[in-house]
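I am attaching a structure below and will ask some questions about it afterwards.
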Amino acid sequence: MLTIEHLTKHYKGSSKGVTDLSLHIAPGDIYAFIGHNGAGKTTTLKCVAGILEFDEGTILIDGIDIRKDPLACKRQFAYIPDNPDIYEYLTGIQYLEFIADVFAVGARERQERIKKYADEFEITASLGDLVSTYSHGMKQKLALISALVHRPKLLILDEPFVGLDPKAAVILKNAMRRICEEGGAIFFSTHVLDVAEKLCNRVAIIKDGTLIASGEMEEIVKSGQSLEDIFMEVVEDAGE
Amino acid sequence: MRENDNTRKSGAMGQSGAMGQSGMMEQPGEMEKSKTMEQFRAMVRMELCNIFGLNVFRHTRDSRAKKKSLGLLCLYVFLLAAMAFYVGGLSYGLISLSMGEVVFAYLIAICSVVIFVFGILKAGNVLFRREGYDMLCALPVPTAAVVLARVLRMYVENLGLSLVVLLPGTIVYAWIVRPGASFYLTLLLGTLSVPMIPMAGAVLIGVFVTGVSSRMRHKSLVAAGLSILVVLGILLLSSRLSAMEGNLNLEMLKNVSAFVFAMLEKLYAPAVWLGKAVIYGDFLRCLMCVGLSLAIFAAVAVGSCVCFHQICRNLYGGFARHDYKKEELGGLKRKSVLVSLCGREFRRYFASSIYVTNTIIGPIMGCLLSGMLLFLGMDSLEAYFLIPGDVGLLVPFLLAGVFCMMTVTSTSISMEGKNWWIARSLPLSAKHIFDAKILMNLLLMLPFYLLSEGMLVLAIRPGILEAVWMFLIPAVMIVFSCVYGITVNLHFPVLNWESEVAVVKQSASAVLGGIGGFVLAILCMVAALVIPEEYSNVLRGSVCVVLILATVVLYRGNNRHAMAWE
């Protein structure tokens, strides 16, 4: 579903970025991407989402190179940043309609899906209000509904659980599992290692822009240690 | 945090210093005062450190951003040089005509009108901007420090503008007249007070417009409507003032200076008082003018402090009804991408009062221009704009220039700001996005264009060929300016802004987009005046052909340039 080969991205005048990162995410994977602040998680996700240009490497989404055919790639996925700055001058329903129009979602499908997810996330009554009146959590929920409304094959999420109430977090986890059961894949960054350990089947750890560990979650935590212990161990080893 | 630490340290130092000198403890009231002053200084430092984007320019490591800032600086230097040349020439002309005594009254009046009109359009946005509002509310800083720091920032900007106007005039005046020391002293004091009254007036109206609109659901639209009404009111008043020139008093004509003073006194009396005080080196009169300016300025600043939080709460509170019904989802329909994008562009446009007021003035002025021709006759235009030659020949160009004074597209990419990630991560081609922006701008102009052209036809009653030019020239120029706006904004995008003022009023694309179409129209008018009348159709045809070709080239260039973004 997603193949990243030798991705290198450096910012001008800064030592930060990502160096020679390679990953492969297969259909059905829920892939956690963990690392400390400034490690390069968001940079990687933004490169995958086509928001950032990168210096070297290849990113293939469903076999399509994002540099060669960005629009075909973007039709396959939905991306939600860590701080979803949504058009504040639109109402919630106008934003969802806009996204549905862009992805050419039919009238009946969009009605059904918006109704379903808005009810689940309990924001139906607020859909007629301007996004500027929404709290951070409500914006997050709206962004999630906009991602789910067009049934993407790949969901790219940057810190998706930040700002969500417990019920919404459960709904999101269920939606993630459902997408994977239907053959899709999830690639998301998180600092909540417990969630990553319970939810994901694969994990990658990044430090200072370099991938220092990746693989099956079961293999990584099979020694009886928690993901948190493994993370601390691996990060400290890489620092030595 | 460092500011707070510094505040604490300097507060403590001030306290110990006071104790050391007087040998007794400072009163709690005095401590509070020194603390407030220190906080005020910290707020002012924060406001002024990034004036004209200087702080970002100093610290950015992005060489491209630095080059762009330098380019913008060059543009500003060019505009300032043009302004200095104009003011210097004007001053020289007045002195040569033995009207040296009106020079400063004239220049102060120009400054004041510019500060007042532009101040109205941005006062509300600068004073009540949302940036950091929640954080400021949580800090132990008095409201007065926040408001006064913002007012002071506006004052410093306007003082800079005053210097740009007054300095060339002063140099020319000093070079020719060689005045005494009292002139320089009064000028120095007077210059500091020049921005105060017009700024106070602008802030008062800005606060009123923002305050009234903040209570309504469609705040931005109401604010834009009120601002436009105020600007039109000023234009109407100034046109009535011009009309009064017709009733010249013979006695006045004998003394041109007295006539100019009388005119300026009707426009803005303090300019005459201060101008006379400077010319005659009358320090006492200058002091009175400064005192009056300070009193008015202080009163308005205090008033702004009093209503600051109430207006901010109304502005940022929002109206959430929480009454959307599931049944309404049944009405959702699928639309084409272009229609959907265009609808979003309209909503974005009407959500920002400063965006609307800055870009809609041109089309409104276009309609007023045509209305003036229709209801007051062709002579009114000749008298008002002092245009020599065949006005009928020039009207299509003039109308086009007025319509293109400030295109929406020249800042429409920058206005995406922090939302740009949405367009970039969606399966949308840059062509789709730009087409929607151009279409929105054209649709916005269409009713004004049709109304204006309709009135023009009724006013001039042209023949078929003349009518074709009358419709075609503005239309071609409007389409060109919309595409040119995208080109300019693509080359000078500003996406990491906090205040819309930075995009709509201060960005390079706003300046270039604003002057591009207008300068083009002026060049065409000059060409129309210079070229013999029998070649007028050739000229108009050539202008249309060249503009259509330029539009096609720019349009294709925009889409090619933007492919790298997809």
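Compute for chains B and A the buried accessible surface, both sides summed, probe 1.4 Å, and express it in Å² to the nearest 100. Please list the in-between numbers first.
Details: alone 29600 and 11460 Å², together 37030 Å².
Approximately 4000 Å², summed over both chains.
Which value, to two decimals, describes the C-alpha radius of gyration of the range B:337-565 once divided by 2.2 N^0.38 Å? Numbers along the way, then the final one.
Details: Rg = 18.2 Å, N = 229, 2.2 N^0.38 = 17.3 Å.
The range B:337-565 yields a ratio of 1.05.
Still on this structure, please answer the following. Per residue of A:51-59, how many C-beta atoms from partner chains lie within 10 Å of its own C-beta, taken as a mean? Don't jump to the answer; show the numbers that get you there.
Numbers: counts 7, 2, 2, 0, 0, 0, 0, 0, 0.
Across the residues of A:51-59, the mean count of other-chain Cβ atoms within 10 Å is 1.
For the pair residue B:258/residue B:374, report the inter-label distance in nm, with labels modelled 7 Å from Cα in the Cβ direction.
Distance between the two pseudo-spin positions: 4.4 nm.
Apply the a/c threshold of 1.5 to the C-alpha gyration tensor of the range A:1-134 and tell me whether it is rounded, prolate or oblate.
Here the range A:1-134 falls in the prolate category.
Distance from the Cα centre of the range B:167-194 to that of the range A:166-240, in angstrom?
72
With the Cα gyration tensor of the range A:83-151 in hand, give its eigenvalues times 5 under a square root as the equivalent ellipsoid semi-axes, listed largest first in whole angstrom. Before the final figure, lay out each step's value.
Working: eigenvalues 62, 31, 21 Å².
Taking √(5λ) for each eigenvalue gives 18, 13, 10 Å, largest first.
I've got another one for you. Per residue of the range B:546-552, what does 6.51 cos²θ - 1.76 cosθ + 1.60 with θ = phi - 60° give for ³J(HN,Hα)? Whole Hz please, x for Gly and Pro, Karplus curve as stated.
4, 5, 5, 4, 4, 5, 4
Of the peptides B:396-402, B:93-99, A:41-47, A:64-70, how do they stack up when ordered by the mean number of other Cβ atoms within 10 Å, highest first? Please report the intermediate quantities before stating the final value.
Values: B:396-402: 25.3, B:93-99: 14.6, A:41-47: 23.6, A:64-70: 16.1.
Ranked from most to least packed, the peptides come out as B:396-402, A:41-47, A:64-70, B:93-99.
To continue, here is another question. For the residue pair residue A:53 and residue A:162, what label-to-label distance in nm results when each label sits 7 Å from Cα along the Cα-to-beta-carbon direction?
2.7
Before anything else, pin down the relative contact order of chain A: Cα pairs under 8 Å, at least 6 apart, normalised by residue count, whole percent.
Numbers: 429 pairs, mean separation 67.1, N = 240.
Once normalised by length, the contact order is 28 percent.
Let me ask another. Compute the label zone of residue A:85 within the range B:498-524: residues whose backbone N is under 12 Å from the point 7 Å along Cα-to-Cβ.
B:498-500
Also, quick follow-up: To the nearest 20 debye, what is the magnitude of the charge dipole of the range A:83-151 about its Cα centre, counting +1 on the Cβ of each Lys and Arg and -1 on the Cβ of each Asp and Glu? All intermediate terms of the calculation are to be shown ahead of the outcome.
Values: 8 positive and 10 negative charges, 45 e Å.
Charge dipole of the range A:83-151: 220 debye, to the nearest 20.
May I ask you to work out the translational diffusion coefficient for the range B:76-317 at 25 °C, viscosity 0.890 mPa s, via Stokes-Einstein with Rh from the Kirkwood sum over Cα pairs, reported in whole µm²/s? Don't jump to the answer; show the numbers that get you there.
Working: Rh = 19.4 Å.
Stokes-Einstein gives a translational diffusion coefficient of 127 µm²/s.
Using a Cα-Cα cut-off of under 16 Å, which aspartates and glutamates could be cross-linked to residue A:46, ignoring same-chain neighbours fewer than 8 residues away?
Partners found: A:5, A:20, A:55, A:56, A:65, A:82, A:85, A:158, A:159, B:566.
Within 10 Å of each Cβ of B:411-422, how many other protein chain Cβ atoms are there on average?
Averaged over the peptide's residues, the number is 3.
Rounded to the nearest angstrom and ordered from largest down, what semi-axes does the equivalent ellipsoid of chain A get from its C-alpha gyration tensor (root of 5λ)?
On the way: eigenvalues 178, 82, 58 Å².
With the √(5λ) rule applied to chain A, the semi-axes are 30, 20, 17 Å.
To the nearest µm²/s, what D does Stokes-Einstein give for the range A:179-240 at 4 °C and 1.567 mPa s, using the Kirkwood radius over alpha carbon pairs as Rh? Show your work: numbers first, answer last.
Working: Rh = 12.5 Å.
Answer from the Stokes-Einstein relation: 104 µm²/s.
Sticking with this one: Kindly give Rg over Rh for the range B:49-152, based on alpha-carbon atoms, with the Kirkwood expression for the hydrodynamic radius. Could you put the intermediate results ahead of the total?
Details: Rg = 19.6 Å, Rh = 17.6 Å.
Value, to two decimals: 1.12.
Also: Which order do the peptides B:527-537, B:487-497 take when ranked by the mean count of other beta-carbon atoms within 10 Å per residue, highest first?
On the way: B:527-537: 12.5, B:487-497: 19.5.
Averaged packing, sorted descending, gives the order B:487-497, B:527-537.
Something else now. Among the listed pairs A:139/A:167; A:198/A:222; A:141/B:335; A:9/A:139, which are separated by more than 20 Å between their Cα atoms? Spell out each step's value before the answer.
On the way: A:139/A:167 15 Å; A:198/A:222 13 Å; A:141/B:335 24 Å; A:9/A:139 29 Å.
Over 20 Å Cα-Cα: A:141/B:335; A:9/A:139.
May I ask you to derive the FRET efficiency for residue A:26 and residue B:221 from their Cβ-Cβ distance with R0 = 51 Å, giving the value to the nearest 0.05?
On the way: r = 51 Å, r/R0 = 1.00.
My answer for the efficiency is 0.50.
Assuming R0 = 30 Å, what is the FRET efficiency of residue A:228 and residue A:72, from their Cβ-Cβ distance, to the nearest 0.05? Intermediate results must be reported in sequence, preceding the final value.
Working: r = 39 Å, r/R0 = 1.30.
Efficiency computed from Cβ-Cβ geometry: 0.15.
Then there's this: Based on C-alpha coordinates, I'd like the Rg and Dmax of the protein assembly as shown, in Å.
My reading of the Cα-based Rg and Dmax gives 30.9, 105 Å.
Additional query: Given the range A:1-160, what percent of its DSSP beta bridges are antiparallel, to the nearest 5? Kindly include the intermediate steps, with their values, before the conclusion.
Values: 14 of 18 bridges.
Antiparallel bridges: around 80 percent, rounded to the nearest 5.
Further, regarding this structure: Please average, across the residues of A:80-93, the number of beta carbons from any other chain that are within 10 Å of each residue's own beta carbon, and give a whole number. Walk me through the intermediate numbers first.
Details: counts 2, 4, 0, 2, 3, 6, 4, 7, 5, 10, 6, 2, 1, 5.
Average neighbour count from other chains, rounded to a whole number: 4.
Moving on. Using a Förster distance of 51 angstrom, determine the FRET efficiency expected from the C-beta separation of residue B:54 and residue A:135, and round it to 0.05. List each step's numbers first, then the result.
Values: r = 36 Å, r/R0 = 0.70.
Calculated transfer efficiency: 0.90.
Which lysines, if any, have their Cα less than 18 Å from the Cα of residue B:333, not counting same-chain residues under 8 positions apart?
Candidates past the 8-residue exclusion: A:115, A:116, B:325.
The values are calculated or read from the model by the stated rules, or taken from the named source; none is laboratory data. Since we're looking at a predicted model, the values are computed, not measured. All Cβ positions, even for glycine, are placed from backbone atoms using ideal geometry, and neighbour counts span all protein chains on display. To get the accessible areas, we keep the full protein, side chains included, count just its heavy atoms, and leave off ligands, DNA and RNA. Shrake-Rupley method; radii C 1.70, N 1.55, O 1.52, S 1.80 Å.
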